Structure formats: structure tokens, C-alpha cells
Amino acid sequence: MSARATARYVRYRVSSHPDGGLSVSVYCLADRCSWSVLPTAEHEKASQEMLHHTADSGHALFSRTVQDMAVVTLADPAEQERRAEANVLEYQHLGGAAEDAGTGS
């Protein structure tokens, strides 16, 4: 790695992946209760399951976790393009076709 590559500041951005969606999981916090809802995209169904568990057991305190899929991208579009071109050239140098690298050119 060159000194230029290690000294250069590159900004990244973290955002939700557009294909990821949100999932929710739920765990009952009552002592010795192992009730839970595994991660699901059906948020309303998870809420209904909590209501039913409370009605059946009297337990009313839950830990609810909402998760999304994250993606890290370069913040500078010019840097994204430069790296994409460099990746295609490197891939072609190794014997791959540009179509295989996902460029469509």
C-alpha cells in the first residue's frame, strides 16, 4: 500500500439497505420465562403475540429489538466511480470479462 493511499481521507456513509426492510424480535423479561418472538418482518403479528402472552401469563414487560440491514457506501460519487473503474480493470487483468464484473460494458 502506498503512502498516498494510507494518508488519504475517504468519507463513508452508513444507511439502510433498500432491499433490507425492518425486522422485530421480542423477549419476555419476566423471571424464568423463555417466551420470545423470533425476528420477523410482521411487526403487527409480533405485537399481537405479546398481547396474547400477557393475557396468558400476566407478564407485561418485554424487550423489543428492531433491526434493519445496513450498507456502507463511499460518500463521494466521484470516488465511487473511480473505485468501480479500478475494480473492473483489475478484474479484467485477472482474466475476467467486464460483464462478469457487473458493469455491463
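The values are calculated or read from the model by the stated rules, or taken from the named source; none is laboratory data. None of the values given here were measured: they were computed from a predicted structure. All Cβ positions, even for glycine, are placed from backbone atoms using ideal geometry, and neighbour counts span all protein chains on display. Protein only, heavy atoms only, side chains kept; ligands, DNA and RNA dropped before computing areas. Shrake-Rupley method; radii C 1.70, N 1.55, O 1.52, S 1.80 Å.
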(message) Exactly one condition in (1) touching a residue at least 24 places away in the same chain (Cβ under 8 Å); (2) at positive phi is false for Ser57; which is it?
(response) (2)
(request) Consider only pairs whose beta carbons are under 7 Å apart and that are at least six residues apart or on different chains; among these, list those whose first residue lies in the stretch 18-40 and is on the phi > 0 side of the Ramachandran plot and whose second residue is assigned to a loop (DSSP other than H, G, I, E, B). (result) Gly21/Ala41
(request) Report yes if Met1 is touching a Gly at 6+ places or on another chain (Cβ under 8 Å), open to solvent by 80 Å² or more (accessible area, probe 1.4 Å) and modelled with pLDDT under 95, otherwise no. (result) no
(request) Find the residue count for the stretch 40-51, including only residues that are open to solvent by less than 80 Å² (accessible area, probe 1.4 Å) and under 19 Å from Met69 (Cβ atoms). (result) 4
(message) Condition first: charged (D, E, K, R), part of a loop (DSSP other than H, G, I, E, B) and within 21 Å of the chain's Cα centre (by Cα). Now tell me which residues in the stretch 11-63 satisfy that.
(response) Arg11, Asp19, Glu42
(message) If I go through the stretch 52-72 residue by residue, how many of them are surrounded by 14 or more Cβ atoms within 10 Å (Cβ to Cβ) and out of contact with any Ser or Thr (no Cβ under 9 Å at 6 or more places or on another chain)?
(response) 3
(message) I need a count of the residues in the stretch 73-105 that are open to solvent by 60 Å² or more (accessible area, probe 1.4 Å), at pLDDT 60 or above and within 26 Å of Ser16 (Cβ to Cβ).
(response) 8
(request) Give the residue, chosen from Val26, Val10, Val14, that is surrounded by 12 or more Cβ atoms within 10 Å (Cβ to Cβ) and out of contact with any Pro (no Cβ under 9 Å at 6 or more places or on another chain). (result) Val26
